[in-house]
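Beneath this line is the structure, given in structure tokens, with notes to follow.
The values are calculated or read from the model by the stated rules, or taken from the named source; none is laboratory data. Keep in mind that this is a model prediction, so the values were computed, not measured. Cβ: placed from backbone, ideal geometry, glycine included. Neighbour counts: every protein chain shown.
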Amino acid sequence: MAFKPMEEGTYIAHLKIAGWRLTKAGIDYSLLDEKGTFVCTIKISHGKGKKREVVAPHVQKTGKKFKERGLKWPPQKRSKNT
């Protein structure tokens with residue numbers, strides 16, 4: 001499956017659903033899981049405008065890390081019925 005760059009806001013929203021988060025670490029960002037342990041580094045690109053995106057290889061890397069932990073990428077919102 002080919003991955004495309006993902007807008008930063010959408011990416012962070014997906015992480016929030018799973019309980020993961022991004023923290024600034026020098027030039028790149030650190031991806032932390034629900035326990036606060038380091039998972040990998042994530043690169044967010046930006047141009048002259050205000051558009052900020054997570055680059056495609058790092059979206060793929062996130063998907064791989066989710067799959068290693070038995071989670072689905074991108075995570076789905078939990079329904080209120082369950």
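Per-residue answers, yes or no, for (1) at pLDDT 95 or above; (2) over 15 Å from TYR11 (Cβ atoms):
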position: TYR29; (1), (2): yes, no
position: ILE44; (1), (2): no, no
position: ARG52; (1), (2): no, no
position: ARG78; (1), (2): no, yes
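Return the residues of the stretch 60-73 that are more than 14 Å from ARG21 (Cα to Cα) and of a type in the set (A, V, I, L, M, F, W, C); say none if nothing qualifies. Across the stretch 60-73, the qualifying residues are LEU71, TRP73. Those strands (runs of 3 or more DSSP E) of the stretch 1-79 in which 3 or more residues are without any contact (Cβ under 8 Å) to a residue 40 or more places away in the chain, in contact with a Phe, Trp or Tyr (Cβ under 7 Å, 6 or more places away or on another chain) and surrounded by fewer than 16 Cβ atoms within 10 Å (Cβ to Cβ) are absent.
The set of residues from the stretch 1-36 being among the hydrophobic types (A, V, I, L, M, F, W, C), in contact with a helix residue (DSSP H, G or I) (Cβ under 7 Å, 6 or more places away or on another chain) and within 12 Å of GLU53 (Cα to Cα) comprises just one member, MET6.
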